Each structure stands twice: as C-alpha cells, then as structure tokens.
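Shown next, in structure tokens, is the structure this report addresses.
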Amino acid sequence: MNEEVDVKEERPMWPPGDGANVSPIPPQHISMPMPTTPQGAPMNQGVECELPFELQQQGWKRFWSKRENRPYFWNKLTGESLWEMPVLKPQFDPITDPLGICAPPPPMHLPPNGPLPVAKRRASEDMAGPQAKKFVLAGPWDLDVPTNVIILERSPCHYMHSHPDVEAYRCCLLAKLRQCYQELCHSRESIDAPKDSFNRWMMERRVIDTGYDPLLPSNCYPEISLAMYKEIMNDIPIKLVRPKFTGDARKQLSRYAEAAKKIMESRNAEAESRKVVKWNVDETFQWLRKTVGATYDDFQDRLAHLKQQCQPHLTDTVKISVEGICLKIYNLSCEYAKKVREKSNGILKEHNMELPHSVSINTTRKVWCYPVQFSICCPRLPVVEYLPDRDQSLLRYQGDTLVINNSHLQKLEHLYRHSCFDDKKFELFVARVWVVLKRYATYVGVNPSSAAANTDAADTQASLPVTVFECLNRTFGVTFECFASPLNCYFKQYCSPFADCDSYFGSRGPFLQLKAVSGSFEANPPFSEELMEASVNHMERLLSDSPEPLSFIVLFPDYREPTPTALTRLESSQFKRKQVTVPAYEHEFRHGFQHVLNKSELNVRSAHGTVIVWLQNVTGHQRWEPSEERVQALLEAFRPGRERERDRQELLSPTRQGSTSDAKDVLVH
C-alpha cells in the first residue's frame, strides 16, 4: 500500500513524450526486509476467514473486529492493516527484476459512485469521514509538489549507511585537516589561510573525486588543486584588501614592499629575480619618503605597479613551497579517508556485513526520479539523545550537541516519511538527523549557532526565497532543485552533495551524477568556479542527449573577471533561450543556516547581482518558454520584502488551503 501511494505522489503533471517507456519508482534500500508498521500485529482474537489464494500468498489474512463489529485485513509480511479488501499487487521476478520496476502499477478498484477507500484501519478516521485527511506541513516549503522528472535507472550506491560513530570520527579528522591547512600557510608562507579557501577546495575536489569517502577527497587527478594553489599565491607576500582611507592605502603599499623584500632575502631565489625585486622595493620606499600629499589613487596605482613588477618573481620563488602545501593537504585527506574506511569496515564486521564491490548498471530504462538506494543493509545504530525545547531541539551524542529548529525537524520527518523505507517505526530517525547536522556543520566549517554573522560561509548553503520557488513552479513547472540539502530544500526532490546521509530525506545524490531525461529544474550551485563550470557542461550533455522536454533555470552570481569564468561559459551555451540580471541589493536570499536561525534573520540582501539563464532543448522551450510575462513575474517574486508580504497574507487568511491549523505534530517522542 505504501509503494502505491508513493508512486501516485511522484506522478508528473504532464505525460512523457512518445516512446518514453517509464517504469514506476523502485523502492529504496532493496536489500532490507519490509519492516512492520507502528500499528503492529493484531491480537489473535476473533475468527480468521478465508481469502483468495493469491492474497494469502502475499501475506494477507482476514479477521473479525469485535470492537467495530466488522472484518478487517492484516498482512503478516508487511504489518499493514486495512478495513477494505486489499488490492492484489502484481508479482515480479526477484532475479530478472529485483526492484519490481518493470511490473505495471496495481489497478485502482474504485467504487462506481463513491470516494476512495481509506488506507488506515483506525476508527477515528472513519468518524471524520471516508476521505483520508491530507498531510499538511507548515513552513517555507512545499513538499507535496509532484515531480515531472524522469531519469535513467541507476545503480545503488556502495556507501555504508550513515553511522554516528563513523561520522563523528570523519568530522574530527576533517577539522584536523582544516587546522593543518591554516598552520601550513602560516608557518611556510607567513600568511593566514585564504578565507573559505578550504571549502572551495573541497567543492573543487568533489567535481573530479572518484574515491570511496563521501566527504574526504581520496582519488583525484591532478593531485595538486589549481584552485587552492591560486588562492594561496594570490595572498603572497600579503593579502591585499581595498583600503578605506588614504592612510590605509599608504600602509598597505609599505607592507607589501617589506614582505616582498623579506621573501627574496629568506628564500633560495635566483639572482636576477632578487635583483629586480630589490630594485623595485627600494624605488617604492624612495617614492614614499619623497612624496608628500599623495592621494588615495596615487598609492593604489603605485601598489598595482609594484605588484606587476614583483609578482612573477615572487611566484617563481615560492612555487615549490605552495605546491607542497596543496599536495600535503591532499595526501592527508587520502590518509584520513582510509582511516574512516577502516572504522566503517570494523563496524560492518561486527554485524557480519561488508561493503560490496562497485558494480555499475548500464541501462536505458526510464523511471520516475527516486531517492538514492543502498546496496547493503543498515547496521544497528547507537541511541542519540533527543532534548526538546520551546522552539528548538537538541540532539546529543557523546557530548556533541547539535541544534535544529522544531519546524525544520518536522520537515525532516516529513521528508523521511516520503523517502525512507527501511525504518517505518522511526527508530533510526534521530540518529540520522544528527549525522546530517554534523555533516553540514563540519563541511561549512563554522559553528551554526553563531552563523548569523558569517555570511560568506552561509553563501554555500543559501537558497532562494519562497516566493521565487512558488513562481518557478507555477510559471515554469519547476519541481526539482539541482543543488540543495535536506535542511534548505523547497521541494521533496532535489540533489545534494552527500548521498550517504541525505538519501533518507529524499536526496537524489550529486547533480553531476544525475542522468535526467526530462523535467524542469532549478540550479543555484555553490560559488565554486570549477563546480559551476562542470554543472553547465553536464546540463548541456543532458540537453543534447534527450529529445524529451528538458529545462534548466540557472542562477549564477554576477562575478566578471578578466579571465574566463563559469558565467561566461553559461552565457555562451548553445541552449540559452533567455538571460536576465537581478541587480545587487535589489533581491534577497534565504540564509544558509535557516535551520537554526530566528525568522527575523532569514532574509539576507544580496551584495552582488544574480544572472538568470534559461537552458532548454527544443521541446523544453515549447513547454516552458521564458516569455516576457513569465520572466517579469519571476523578477517580481525576487523583489525584497515579497516573502514577508506573503507571510503576512497567510496569517490574514486562516482558511487558506494548507493552513497551519491542519499541520500534525509529526515528531516521534
């Protein structure tokens, strides 16, 4: 019964094109036996009646309820209990079709002039009426939007199920690696590690990493990251910032000259390079001593000239040292990933399990987009302490306490109910939420409880306003986010960087691994040049390979540098149908740590412009054409304050559809 409901919920708003042989969604975690539901088995009281042989083969039995004075049906294999006669589900061959996705969906036997049958055997629902009550969840999201995305069938992932012990160990090693990066930059080059450089290094590595750890890079080529190398080199000999006053500009010019001279004297530099740098530095000091009343622009021009003359020689001198920093960080990451692997194997060995060898499935079978599956069962998880508070909940494990707003915890429960099929009793829910919170807090590298002031780190997890998502869904049929997480997603179908811990909450895995055939997508990637460029390349491949309607609405920051950027690559795409720019400070984003902040801190004014580009194939353009009216509606949805206006209107409309009064308290105590 649960599988039937899920397939129905994921049914698209439009039929696939001609020739699209689409199969139903396969269930997740195929190796796990079907668990029992919270209702449990009925008491063996009453009379057992006869049923058709086919239903008995599927585990159904019929009993008589003395309390309700009518028969009910219970499945000894799945734990389901119904008032109505169960529907015969089609059988499938577990060898040739282990997922059961080739079998057609079971027919819906509807009464000729009546409502749908009630799925649950509870007298309280019968009293409320024959129609089952729709589950509504209050919050800045819409998790009931059906998908219109079709993908090619994929192999189950070979990661170990998320485990608090393994995650705590992995995150400890990653924090240690981050600290090592800072110490290497300080000891070898006398600079602080470039701000957020480590985070961008991890994003850049994820584009090319083929290793076995979901977080730590462990198999990358080239081993030396060009992104990390450039960021370190750009801060040598000192980090340059735009000064506020003329005095600051003078000090920065003097500091740069002193640092450049010190590097050439302390390193094994070539004689010619040492001579050129020394001559330019001496000339700069003479100019500083002689010049009186120089303007702000004079100091800035002199600094630019000094950097142009000295930087090539400084780069040649420190090149080997900087490459050594990049290589050491990567080698340490590989070593730490190996240690995490050994700890995971130890836990699996305790449960008489092991990770299978990676086997990929090459198939052209089209299916509705479904969450990532696992190829092995989940080992027993330890208990994570749950401490409810007024507006937030605390999850504590081994002294490590993580915080989440109650509204977002209810959202995770709703996503879990939609996407996780191996834990119907929610016995593993709290532990898996703890792993997600731990993973993203460590990945970003800041304390989420004090994240309101750290806007730069939050940019990597920022999301669009609710009004924009509503407009994208209404005008362009968008039902899927290419870059999101369980904590900031708007739809229940999305891609995220960590398939191992996010799949329980609906993640479809990393976007670069998604083989989409049709659908309408929103793509707002983190600010990593390598990731953004790889995403554009991936979208173009999908658009080239599919004749079905396919559309990507891509949002990039309006960063334009002298060198070619990912934005330039996007603007030159052959599939570009429309491009608009939302000016800086004229639109907002939702804060990247919305799951721990107060409602008053959620909306952050964007300090840079946002470029919106529509990439569509021919059929996608016909279905979701970015007409002038639709584009103007989207720009209006971006207007600052629109989300707050929407919230006020909802408060003034208590009878609206999806009212918060209909929301259930879904937290399992």
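Could you tell me which of rounded, prolate or oblate describes segment 194-275, using a ≥ b ≥ c as the square roots of the eigenvalues of the alpha-carbon gyration tensor, with rounded for a/c under 1.5 and, failing that, prolate when a/b is larger than b/c and oblate otherwise? Don't skip to the end; give the middle numbers.
Numbers: a/c = 4.62, a/b = 1.78, b/c = 2.59.
Oblate, since a/c reaches 1.5 and b/c is not below a/b.
Over 31 Å apart at the Cα level, from the set K366/K492; K366/K411; K261/K290; K195/K338; K307/K338; K176/K261, are K307/K338; K176/K261.
The spacing between segment 494-526 and segment 168-244, judged by their C-alpha centroids, is 25 Å. The relative contact order of segment 165-343, computed from alpha carbon pairs under 8 Å that lie at least 6 residues apart in sequence, is 33 percent.
Computed from label points 7 Å out along Cα-Cβ, the spacing between Q579 and S187 is 4.7 nm.
The relative contact order of segment 455-662, computed from alpha carbon pairs under 8 Å that lie at least 6 residues apart in sequence, is 24 percent. Around the amide H of N219, modelled in the peptide plane, lie the amide H atoms of T210, G211, all under 5 Å away and 5 or more residues distant in sequence or on another chain.
Could you give the size of the charge dipole of segment 374-444 about its Cα centre, using +1 on the Cβ of each K and R and -1 on the Cβ of each D and E, expressed in debye and rounded to the nearest 20? Walk me through the intermediate numbers first.
Working: 10 positive and 8 negative charges, 28 e Å.
In total the dipole reaches around 140 debye.
With neighbour counts taken as other beta-carbon atoms within 10 Å, the residues S254, S535 rank, fewest first, as S254, S535.
Please label the shape of segment 165-343 as rounded, prolate or oblate, based on the square roots a ≥ b ≥ c of the eigenvalues of the alpha-carbon gyration tensor (a/c under 1.5 means rounded; beyond that, a/b larger than b/c means prolate, else oblate). Please list the in-between numbers first.
On the way: a/c = 3.21, a/b = 2.29, b/c = 1.40.
In terms of gyration-tensor shape, prolate.
For the listed peptides 314-326, 67-79, a ranking on the average number of other beta carbons within 10 Å per residue, highest first, reads 314-326, 67-79. Remark: segment 148-162, residue by residue, has Karplus-estimated 3J(HN,Hα) of 10, 9, 10, 10, 7, 4, 10, 6, x, 6, 9, 6, 6, 4, 4 Hz, where x stands for each Gly or Pro and the curve is 6.51 cos²θ - 1.76 cosθ + 1.60 at θ = phi - 60°.
When you filter the GluC sites (Glu not before Pro) in segment 334-420 for DSSP loop state and at most 15 other Cβ atoms inside 10 Å of their Cβ, you are left with E354. Taking the square roots of five times each eigenvalue of the Cα gyration tensor of segment 367-449, the equivalent ellipsoid has semi-axes of 23, 15, 15 Å, listed largest first. When segment 165-343 is described by a simple charge dipole with +1 on each Lys and Arg Cβ and -1 on each Asp and Glu Cβ, the residue from Q309, V207, I325 located farthest towards its positive end is Q309.
The distance between label points at S627 and D389 comes to 5.0 nm (points 7 Å beyond Cα on the Cα→Cβ vector). Restricting segment 225-305 to chymotrypsin sites (Phe, Trp or Tyr not before Pro) that sit in a DSSP loop and have at most 15 other Cβ atoms within 10 Å of their own Cβ leaves F245.
Give the shape of segment 455-662 as rounded, prolate or oblate, defined through the alpha-carbon gyration tensor: a ≥ b ≥ c are the square roots of its eigenvalues, a/c under 1.5 means rounded, and otherwise the shape is prolate if a/b is larger than b/c and oblate if not. It would help to have the intermediate numbers written out before the result.
Details: a/c = 1.37, a/b = 1.33, b/c = 1.03.
Cα axes put segment 455-662 in the rounded bin.
Between K244 and K339, the FRET efficiency from the beta-carbon distance, with R0 = 41 Å, is close to 0.35. Pairs of Cα atoms nearer than 8 Å and 6+ residues apart set the relative contact order; for segment 374-444 it is 26 percent.
Spin-label model, E265 to K319: label points 7 Å out along the Cα-to-beta-carbon direction sit 2.6 nm apart. As a rough footprinting exposure proxy, the listed residues C489, C220 were ranked by other beta carbons within 10 Å of their own, and the order from fewest upward is C220, C489.
The numbers here are math on the coordinates, done by the rules we state, and not lab data. All values derive from a computational prediction rather than experimental measurement. Positions of Cβ are backbone-derived with ideal geometry, glycine not excepted, and every protein chain shown enters the neighbour counts.
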